[in-house]
Amino acid sequence: MSCLAAVAIACAVTTAAASGSSGRLPAEGNRYALLVQGASGDPTYATLHRGWLDRLAASLRTRFKFDPWRLTVLAEQAGAGVERATADNVRATLARYAKEMKAGDLLFVMLIGHGGGDGADAKFNLVGPDLTIAEWNAILKPIPGQVALVDATSSSFPYLAGLAGPGRVIITATASFAQRYHTVFADAFVQAIEAPAADTDKNGRISLLEAFTHASRLVGLHYEQDGRLATERAMLDDTGDGIGRDATATGPDGLIAGLTYLDAAVVPKVADPEVQALLLRRQALTEQVDELRRRRPGMPPVEFDREFEKLIVELALVSRDVRRRGGE
C-alpha cells in the first residue's frame with residue numbers, strides 16, 4: 001500500500017468517525033430483526049427470559065430506531081405486538097424478510113431460552129415442534145442480505161458450525177457439547193449493546209464484535225461474583241469455517257463482526273446542498289470500504305490492496321473537500 005493511501009486512511013477514517021450534527025440522515029441498508037423467546041419449561045425461567053426479550057426489543061425500537069415493520073418479536077406467550085414462538089411463525093417471518101430484503105440489508109436474529117441435543121440434532125426449544133439446524137439453515141438461505149445470529153441458549157454450540165457461512169456472523173453462548181446448563185449470555189449481550197464501556201474503539205457505535213467481547217466479560221464476572229466455575233463460554237464465527245473463537249483468543253474471526261452494527265450509520269444534515277452531497281458521498285465511500293473489508297478473506301491480496309487504495313484515496317479527497325467547505 002502506498003504512503004498516500006496510508007495517510008488517507010488516517011485522515012478519512014478519523015474524519016468520518018468524528019463527524020456529527022444535530023440533524024442527521026440515515027445511511028447504510030435497512031435493518032431487520034427477529035427476536036425469539038422459546039419455551040421456558042419453568043415459571044422462573046419464563047419470567048427471566050421474557051424480561052431479557054422485552055428489554056432487547058425496547059432497545060432496538062428506541063435506541064437503535066428499528067422500523068416496527070422490520071422488527072418481529074416472538075415469545076412463549078403472545079401479547080400486544082408479540083406472536084407466539086412457533087416454527088410456523090419463524091418460517092413466516094423469515095419468508096417475508098427474504099422477499100423484502102436486499103443485498104445491502106442486515107438481518108439480526110436472537111434466540112433466548114433453552115436448547116438441547118448434540119451436533120445436527122441440536123435444537124432451540126420453540127413452542128410446539130422445534131426446528132433442526134438444517135431447517136434453520138434452509139429458511140435463512142433465501143435471505144439476500146447479511147445474517148447475524150446470536151443463539152444465547154444452553155447447548156447452542158452446534159449452531160456455530162451448523163449455521164456458519166460466508167458473510168454470516170454466528171455467536172453462541174456455549175463452546176462445547178458439554179456446556180448444557182442454563183446460560184446468562186442473553187442478559188449480558190442485551191446489556192452490552194447498550195453499554196458505553198463496550199465501545200472500545202470510541203467511534204460512538206457498538207459493533208457485534210464489541211458487544212460479544214463485553215458480554216463475555218460480563219458473563220465471567222457473573223460466575224466470579226457467584227463464586228462458581230463458569231458453565232458457559234461464548235464463541236463467535238464470521239469466517240464461515242464454523243470453528244470460531246472466544247473473546248480472549250486471537251485469530252481471523254471478528255473482522256466482519258467488527259464492521260457489523262445494529263444501529264444505522266448517520267450523516268450530518270446541513271443546509272448547503274453541495275456540502276450535503278459531499279457528506280452523502282463520504283458515507284457511501286465509507287460503507288464501500290467496510291464492505292470491501294468484509295470480503296477481504298476471500299480476495300487475492302493484490303486485488304484487495306488495489307480496490308482498497310482506490311476507495312480510501314477518494315474517501316480522503318472527499319473528506320478534504322468537506323472540511324474546506326466547513327461541513328464538519
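The values are calculated or read from the model by the stated rules, or taken from the named source; none is laboratory data. Every value quoted in this text rests on a predicted model; they were computed, and no experiment measured them. Methodologically, a virtual Cβ is constructed for each residue, glycine included, from the backbone with ideal geometry; neighbour enumeration extends over all protein chains shown. Only protein heavy atoms, including side chains, enter the accessible area calculation; ligands, DNA and RNA are left aside. Shrake-Rupley method; radii C 1.70, N 1.55, O 1.52, S 1.80 Å.
For the stretch 66-192, the convex hull spanned by the alpha carbon atoms encloses 113 Å³ per residue.
In the chain, the longest principal axis of the Cα atoms and the axis of helix 3-18 are about 60 degrees apart. The alpha carbons of the stretch 128-250 give a radius of gyration and a Dmax of 14.6, 45 Å, in that order.
A full extension of the chain between residue 231 and residue 203 corresponds to an added length of 6.8 nm, given 0.36 nm per residue minus the alpha carbon distance. Between residue 77 and residue 194, the contour length at 0.36 nm per residue exceeds the alpha carbon distance by 39.5 nm. Taking 0.36 nm per residue of separation and subtracting the current Cα-Cα distance, fully stretching the chain between residue 320 and residue 65 would add 88.7 nm. Using the Cβ-Cβ distance between residue 137 and residue 271 with R0 set to 41 Å, the FRET efficiency works out to roughly 0.25. Relative to the longest principal axis of the Cα atoms of the chain, the long axis of helix 208-226 lies at roughly 40 degrees. Rolling a 1.4 Å probe across the protein heavy atoms gives the chain an accessible surface of 45 Å² per residue. In nanometres, what is the gap between the two model label sites at residue 223 and residue 102, each 7 Å from Cα along Cα-to-Cβ? Modelled inter-label distance: 4.4 nm. Among 40-50, 313-323, 205-215, the peptide with the highest mean count of other Cβ atoms within 10 Å heads the list, and the full ranking is 205-215, 313-323, 40-50.
Inverting the pair-averaged 1/r between distinct Cα atoms of the stretch 60-116 gives 12.8 Å as its Kirkwood hydrodynamic radius. Normalised by 2.2 N^0.38 Å, where N counts its residues, the alpha-carbon radius of gyration of the stretch 136-178 equals 1.15. Among the protein heavy atoms, those of residue 52 account for about 30 Å² of accessible surface (1.4 Å probe, every chain in place).
In the chain, the longest principal axis of the Cα atoms and the axis of helix 43-62 are about 20 degrees apart. With the convex hull of the Cα atoms taken as the outline of the stretch 179-328, the averaged projected area works out to 11.0 nm².
Taking every alpha-carbon pair in the stretch 97-158 and binning the separations at 5 Å intervals from zero gives 4, 18, 25, 23, 16, 11, 4 percent. Taking the Kirkwood radius as Rh and the Cα radius of gyration as Rg, the chain has a ratio of Rg/Rh equal to 0.99. The relative contact order of the chain, computed from alpha carbon pairs under 8 Å that lie at least 6 residues apart in sequence, is 20 percent. Ordered by 1.4 Å accessible area with all protein chains kept, 324, 217 run largest first as 324, 217. Among 99, 202, the sequence by solvent-accessible area, most first, with a 1.4 Å probe is 99, 202. Value of Rg to Rh for the stretch 271-328, rounded to two decimals, is 1.10; Kirkwood radius and Rg both from alpha-carbon coordinates.
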